[in-house]
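Asks: Starting off with a structure, shown below.
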Amino acid sequence: MPQMTRAMSPADAAPWRAAPAALLAPLLAGVLLAALPITARGAPPAGPDATTPAAAASAPAPPGEAPAASAEADAPLATPPAAAESSPDTRGLDQEIQELKKDVVDLNKDLFILEEELLFPANTQVAVFLSVNVGQFFGLDSVQLKIDRKEVINYLYTPREVEALLKGGVQRLYLGNLKVGGHELVAFFNGKGPNERAYKRGASLRFEKGVGAKYLELKIDDRQRKLQPEFEIKDWE
Amino acid sequence: MALGCGPAVPAQPPYALLGQSAPDFALHAAVGGNARLSEHRGEVVVVSFWSSRCTPCRTQLAALNRSLTTYHSAGLAMFGIGVDDDPAQAREFARSASVSFALLLDPAKGVSRSYQVDNLPMTVLIDRSGTVRTVLRDYSPESEQLYLQQLRALLNE
């Protein structure tokens, strides 16, 4: 039944990228189940054959394509008039499919949130943010982050990203997991200092990871008195 | 990684990234600011891999620069990625190439590996949704014609 195959194809029913097959399968089965009663309603009262799987299966196909295969298979059922009469029902089916697609998108969004909660649960979560204030004495190029002497990220900044940070943006540089206890965060800031010279500075912080999520902020500020940039790691309590 | 330079090998394996999402990268530029591919989502992006030892690369970069001048306003972005081991040599080449797009440095060859560069010059065309659509593994007048055809088709999408 080519029509049914088309109606069930994940590529048609779910063009969004990351919806898992396991999630889509029951929803698409829902499309099929939803199609069955509509087909039964839309078919003429042609006796018990109208509710056979073959007749039901012909309904989900788009108008104009439905009679092709089913007419050959079920010629005695006089399907062409039935197909013409069932066009409002197929429109209803299209609406239902669109609603189901929306539901899948919503579920996919919820799944992403759930995934993040599962991968980074609150009791082990550590997030490191970065902000830049003024930036007159330091042009940010990259930041290397080490936690407990292990490099976790080395991020290269583009001019657009630096501009966004200078406008007040705060970037979530790293999100990971750490067990409860004492840890050390070391950040290396690479860029251009005063007079366009290559400039590299480090900052470190020993912090205690408790049972809740831990938020740390790398702050780049200008120290006007010394005409130097200042790098600080702030622990958000 | 062995990188050939010059005419294409007759029987090349199909490019595995065709139809796939283009691997994102962020690299230092030989001259100017850093660049990140994902910032150009929504534009047609041309990525050309070059080396200072590759003679056709210079000719190709000049040809690419001409196409950028023509189609920049239609939403075309372009990057050249140098695969030289020595960044100083790559910088010298970049300064002498005098092109208007960013020539990036990939001395660690991480990006070259992710794009499976097996010949130089190699040009990858990425559509507005970030999918690899065309790869050209050599440079010749014929391949330049093909490049322009493919580029116009992508810009019209």
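Asks: Output the residues belonging to segment B:17-44 that are touching a Leu at 6+ places or on another chain (Cβ under 8 Å) and away from chain A (no Cβ under 14 Å).
Replies: B:Ala22, B:Pro23, B:Ala30, B:Val44
Asks: Please work out which one of (1) of a type outside the set (Val, Ile, Thr); (2) out of contact with any Asp or Glu (no Cβ under 6 Å at 6 or more places or on another chain); (3) not in a loop (DSSP other than H, G, I, E, B) is the condition B:Ala90 fails and give its number.
Replies: Result: B:Ala90 passes all but (2).
Asks: Return a yes/no flag: does segment A:112-134 have any residue that is in contact with an Asp or Glu (Cβ under 7 Å, 6 or more places away or on another chain) and small (Gly, Ala, Ser).
Replies: Looking through segment A:112-134, at least one residue is in contact with an Asp or Glu (Cβ under 7 Å, 6 or more places away or on another chain) and small (Gly, Ala, Ser).
Asks: Right, next: Go through segment A:83-132 and report how many residues are more than 24 Å from the chain's Cα centre (by Cα) and not basic (Lys, Arg).
Replies: So the count comes out to 14.
Asks: If you don't mind, there's one more thing I want to ask. From the list B:Leu136, B:Leu154, pick out the single residue that is in contact (Cβ under 8 Å) with a residue 24 or more places away in the chain and aliphatic (A, V, I, L, M). Break it down into steps so the answer makes sense when it comes.
Replies: Values: B:Leu136 fails: in contact (Cβ under 8 Å) with a residue 24 or more places away in the chain.
Within the list B:Leu136, B:Leu154, the selection yields B:Leu154.
Asks: Given B:Phe79, B:Phe93, B:Phe101, which one is more than 14 Å from chain A (Cβ to nearest Cβ) and closer than 20 Å to B:Leu151 by Cβ? Can you show your working first?
Replies: Working: B:Phe79 fails: more than 14 Å from chain A (Cβ to nearest Cβ); B:Phe93 fails: closer than 20 Å to B:Leu151 by Cβ.
Sole residue among the options that is more than 14 Å from chain A (Cβ to nearest Cβ) and closer than 20 Å to B:Leu151 by Cβ: B:Phe101.
Asks: Mind checking whether some residue in segment A:197-218 is modelled with pLDDT of 90 or more, surrounded by 14 or more Cβ atoms within 10 Å (Cβ to Cβ) and under 23 Å from B:Arg36 (Cα atoms)?
Replies: Looking for residues that are modelled with pLDDT of 90 or more, surrounded by 14 or more Cβ atoms within 10 Å (Cβ to Cβ) and under 23 Å from B:Arg36 (Cα atoms), one finds at least one in segment A:197-218, hence yes.
Asks: Shifting gears a bit: Look through segment B:113-133, keep the residues that are at pLDDT 90 or above and part of a strand (DSSP E or B), and return whichever of them is surrounded by the most Cβ atoms within 10 Å (Cβ to Cβ).
Replies: B:Met122
Asks: Hand me the list of strands (runs of 3 or more DSSP E) wholly inside segment A:134-213 holding 3 or more residues that are within 14 Å of chain B (Cβ to nearest Cβ).
Replies: Details: elements: A:139-147, A:150-156, A:170-177, A:181-192, A:198-209.
In segment A:134-213, A:139-147, A:150-156, A:181-192 are the strands (runs of 3 or more DSSP E) which contain 3 or more residues that are within 14 Å of chain B (Cβ to nearest Cβ).
Asks: A follow-up question, please. If you check B:Ser51 against the conditions, is it touching a residue at least 40 places away in the same chain (Cβ under 8 Å) and touching an Asp or Glu at 6+ places or on another chain (Cβ under 8 Å)?
Replies: So B:Ser51 fits the description; yes.
Asks: State whether one or more residues within segment B:75-83 are touching a His at 6+ places or on another chain (Cβ under 9 Å), on the phi < 0 side of the Ramachandran plot, buried (at least 17 other Cβ atoms within 10 Å of the Cβ) and not aromatic (Phe, Trp, Tyr).
Replies: yes
Asks: Further question: Residues to consider are A:Leu165, A:Leu227, A:Leu185, A:Leu173; find the one that is without any contact (Cβ under 8 Å) to a residue 40 or more places away in the chain and among the aliphatic types (A, V, I, L, M).
Replies: A:Leu165
Asks: Against the condition out of contact with any His (no Cβ under 9 Å at 6 or more places or on another chain) and at pLDDT 90 or above, how does A:Phe129 come out, does it pass? Quick ask: steps written out before the conclusion?
Replies: Numbers: out of contact with any His (no Cβ under 9 Å at 6 or more places or on another chain): yes; at pLDDT 90 or above: yes.
Yes.
Asks: Could you go through segment B:2-21 and let me know if any residue there is surrounded by 14 or more Cβ atoms within 10 Å (Cβ to Cβ) and modelled with pLDDT of 90 or more.
Replies: For segment B:2-21, residues surrounded by 14 or more Cβ atoms within 10 Å (Cβ to Cβ) and modelled with pLDDT of 90 or more: absent.
The values are calculated or read from the model by the stated rules, or taken from the named source; none is laboratory data. Keep in mind that this is a model prediction, so the values were computed, not measured. Glycine also receives a Cβ, built like all others from the backbone with ideal geometry; neighbour counts cover every protein chain displayed.
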